[in-house]
Amino acid sequence: MAPSYHRLGRLPSKRHVAFRGPDGELYPEELVGSEGFGGRYSLLHHRYAPTRVAEVRETDPVPPSPSPARHGALRHHLLRTRHQGPDPAGDEISGRRWLLYNDDLRIGVSDFGAGSGRLVRNGGADELHFVHAGGGRLESVFGVLDYRAGDYVLVPKGTTHRWVPGGEPNRHLVLEARGPFHLPGRYQNQEGQLLEHAPYWERDFRRPQELLSLDDPNPTDVLVRVDDRAAVYTLDHHPFDVVGWDGHLYPYAFSIHDFEPISGRQHQPPPVHQTFELDGAVVCSFCPRRLDDGPDVVTAPYNHANLDSDEVLYYVSGSFFSRRGVEPGALTFHPHGVPHGPAPGVAERSIGRTHTDELAVMVDAFRPLAMTSDSEAFDDPAYPMSWLPGAAATELTT
C-alpha cells in the first residue's frame, strides 16, 4: 500500500459529478487503478481528456529488452557496475542497463546526465528507483516530487513522468516489477496504519506537493512502454494538465537514511531489514547501526545458503567489514542453493566490533534470476574463489 491518502489541487465534493472549469467545460476524469478495481487507485481531473491522441508511432524498446548472457554459469557473481559512466546527453530511460531478470522483476542501473528527460509512461510495471548519486525532481501527472541521494522513489505503473536532474549526473539502482510494491504487512495494523515496531513511519514518506497543471494545447510526445513493446504517443496537449487528484496511488519518496535498523544480542537475519515487498521478491535496507552486543558474539554474518531465493546486494557507501576492496556501485549476485559467507578471518575479527557504517540495498528474488549480456561485461570471474584463505576479499554478505 501507499503511505496514506493524499490529495492535491481543486476537487469536487463528490466523485463522478460535474466538475467544470472557468469556461464551463467539464474536466475529464481519469481513474488510475492497480490490481483491477481491487487495489490502490487515484482519481485525476484533467483539462484535456487523456485519450486525445494525434498519432502513434511504433519504436524499439527503450531500454532494450534484457539480452540473455552467453554463459549462464551456476556460480556467485560480482558486477563492478561503476565501470559504466553516464552519457551526458542521455536521460534516465536511455541510461538504463538491465543486469538481472526473471518473470517477476528486472534489476538494473541507470547512469544519466544533467538534462531533463523525455516523458515516459511505463504501462507494464511499477518502478522502484534507489538514488545512489545525484538528485533533482520527478515531474508527473501527480505533481512535483523532489528527490536526493539515498532516496527510494516509487513510480507506480501507468504514471506519465520525467526525471529532471538537479544539475549533476544521476546514478539509480532500478527495479521494475509486474506486481505492485507494498510496505510489509507485518508493519501495519488492519487499517493500514504503520505500527510502533515498524522501522519507519508515515511522516518519513514524501509525496508530491505541487501540481504543474499546464494548459498547453501543443502536440507532446510520450514514450509508452509495456513489457517488451514500445510506442511514441503524440497527444494534442501536454499531459501534465491535472487540476486536482486524490487517492492512494501516486509516486512517493523514502530515504534509506530514515530507516530505523534493528539490532540484538546476536546477529539479526535479513528480514529485520525489510523495506518493501512485491510479488516474488523483497527489498531490504542495510544501514549504519549498532552491532550485536551479546557475550562473545560474532557480529559478522554467518555462512549461509539461500535455498529458495536468489540474493542481490548493491553496495552504496561505508566500510563493508565482511569484505575488503568493495567499491560503491558494485553488485553481488548469489544464486540459491550455493553457500556464501564472510571473507576468511572476518568472523574472528568481528568479535567485539560495536558499530558498522555500511549502507547497501538487498533484493531477494524467489524465482531464479538470469544474467544479461550487460551484466557479463561487468562480471569479475575471480569472485567465486574469493573465499579461499589469502584470496583478495571483495564482498559483504548478509
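If we sort 269-280, 208-219, 247-258 on the protection proxy, mean other Cβ atoms within 10 Å, highest first, what's the order? Mind showing how you got there, number by number?
Numbers: 269-280: 17.4, 208-219: 14.6, 247-258: 20.3.
Output ranking for 269-280, 208-219, 247-258: 247-258, 269-280, 208-219.
Under the rule of -39500 (n - 2.57) per DSSP H run of 4 or more residues, summed and divided by the residues of the chain, what mean residue ellipticity at 222 nm is obtained, to the nearest 500 deg cm²/dmol? Write down the numbers at each step before the final one.
Values: 2 runs with 11 residues, N = 398.
It comes out at -500 deg cm²/dmol, rounded to the nearest 500.
Based only on other Cβ atoms within 10 Å, what is the fewest-to-most ordering of 338, 298?
Details: 338 13, 298 19.
Listing 338, 298 from fewest to most nearby Cβ atoms yields 338, 298.
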For the stretch 258-385, size of Cβ-based charge dipole, Lys and Arg +1, Asp and Glu -1, in debye: 460
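Let me spell out the model: positive unit charges on the Cβ of Lys and Arg, negative unit charges on the Cβ of Asp and Glu, origin at the Cα centre of the chain. What dipole size does that give, in debye rounded to 20? Working shown, then result.
Working: 38 positive and 54 negative charges, 56 e Å.
Dipole of the chain, to the nearest 20 debye: 260 debye.
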GNM flexibility winner over the chain from 45, 197, 77 (Cα, springs under 10 Å): 197
Relative contact order (%) - the chain, alpha-carbon pairs under 8 angstrom, separation at least six: 21
Residues whose placed amide H lies under 5 Å from that of residue 309, excluding near-sequence neighbours: 337
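Which order do 362, 371 fall in if you start with the one that has the fewest other Cβ atoms within 10 Å? Don't jump to the answer; show the numbers that get you there.
Details: 362 19, 371 24.
Listing 362, 371 from fewest to most nearby Cβ atoms yields 362, 371.
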Selected from 314, 333, 299, residue furthest toward positive end of dipole (the stretch 258-385; charges at beta carbon): 299
Local electrostatic count at residue 245 - Lys and Arg +1, Asp and Glu -1, tallied over other residues with Cβ under 11 Å: -1
Residue-by-residue Karplus 3J(HN,Hα) for the stretch 111-125, coefficients 6.51, -1.76, 1.60, Hz, glycine and proline x: 10, 8, x, 9, x, 5, x, 6, 6, 9, 9, 8, x, x, 7
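Which trypsin sites (Lys or Arg not before Pro) does the stretch 44-112 hold that lie in a coil by DSSP with at most 15 other beta carbons within 10 Å?
Values: sites: 47, 52, 57, 70, 75, 80, 82, 96, 97, 106; in loops: 47, 52, 70, 75.
Answer by residue number: 52, 70, 75.
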Karplus-derived 3J(HN,Hα), 6.51/-1.76/1.60, for each residue of the stretch 47-53, Hz, glycine and proline x: 6, 10, 4, x, 8, 7, 9
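Each value in this text was obtained by applying a stated rule to the coordinates, not by laboratory testing. Every value quoted in this text rests on a predicted model; they were computed, and no experiment measured them. Ideal geometry is used to build each Cβ from the backbone, glycine not excepted, and the neighbour counts take in all protein chains shown.
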